[in-house]
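Working notes, structure below.
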Amino acid sequence: MSNELNMKISNPDEGLAKLEHVVQDFSDSHGWPVALNFKIKLILEEIILNALNYGHPGKETNVSLKLIDNGQDVSMEIIDDGRPFDPLKEAPVPNTEALLEDRPIGGLGVHLVKTMVSEISYERTNDKNTIRISVDKSE
């Protein structure tokens, strides 16, 4: 059993379905509790779907994922070749007090991700966006 999972995604529909199955298999092989499995899948779906949908409007964006079970935590590295975008600084801050119908679209997924992780960072190098995330398995 490997502690590391690597995959590439470029098509939102096929890629996210494959991501679901691959992460489920990885989770099962590491004995993750249901809550941790759900959290990891939700984080990955939010970050990867944003990259695929907005990285290159009208063109394909390539995303690579590295997922590692370190024993105490799960770390993720998501790299995409889309336009520069730092979700930690550029995503709109959602008004969580407003009614759903009064909220503008955008920012809620990134906000949710931030609340579920132990650490998150962004950097832009070699024309690629890199997001690194760590989730404590005991939370």
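Below, the figures for the structure above:
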quantity: L88, sole failed condition from (1) surrounded by 15 or more Cβ atoms within 10 Å (Cβ to Cβ); (2) part of a helix (DSSP H, G or I); (3) touching a strand residue (DSSP E or B) at 6+ places or on another chain (Cβ under 6 Å); calculated: (1)
quantity: Within region 39-50, considering residues that are modelled with pLDDT of 90 or more and among the hydrophobic types (A, V, I, L, M, F, W, C), the one surrounded by the fewest Cβ atoms within 10 Å (Cβ to Cβ); calculated: L42
quantity: Residue, modelled with the highest pLDDT, within region 96-139, restricted to residues that are within 23 Å of L67 (Cβ to Cβ) and assigned to a helix (DSSP H, G or I); calculated: M116
quantity: Positions within region 52-75 being surrounded by fewer than 15 Cβ atoms within 10 Å (Cβ to Cβ) and under 19 Å from I120 (Cα atoms), in sequence order; calculated: K66, N70, G71, Q72
quantity: Some residue of region 76-85 being in a loop (DSSP other than H, G, I, E, B), of a type in the set (D, E) and more than 14 Å from the chain's Cα centre (by Cα); calculated: yes
quantity: Residue identified as hydrophobic (A, V, I, L, M, F, W, C) and modelled with pLDDT under 95 among L19, L36; calculated: L19
quantity: Number of the condition not met by Q24 [criteria: (1) closer than 20 Å to M116 by Cβ; (2) touching a residue at least 24 places away in the same chain (Cβ under 8 Å)]; calculated: (2)
quantity: Qualifying residue in region 49-60 (condition: acidic (D, E) and either more than 24 Å from F85 (Cβ to Cβ) or touching a helix residue (DSSP H, G or I) at 6+ places or on another chain (Cβ under 7 Å) (or both)); calculated: no
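The values are calculated or read from the model by the stated rules, or taken from the named source; none is laboratory data. Bear in mind the structure is a predicted one, so any value in this text is a computation, not a measurement. Using ideal geometry, Cβ is built from the backbone for each residue, glycine included, and neighbour counts are taken over all protein chains shown.
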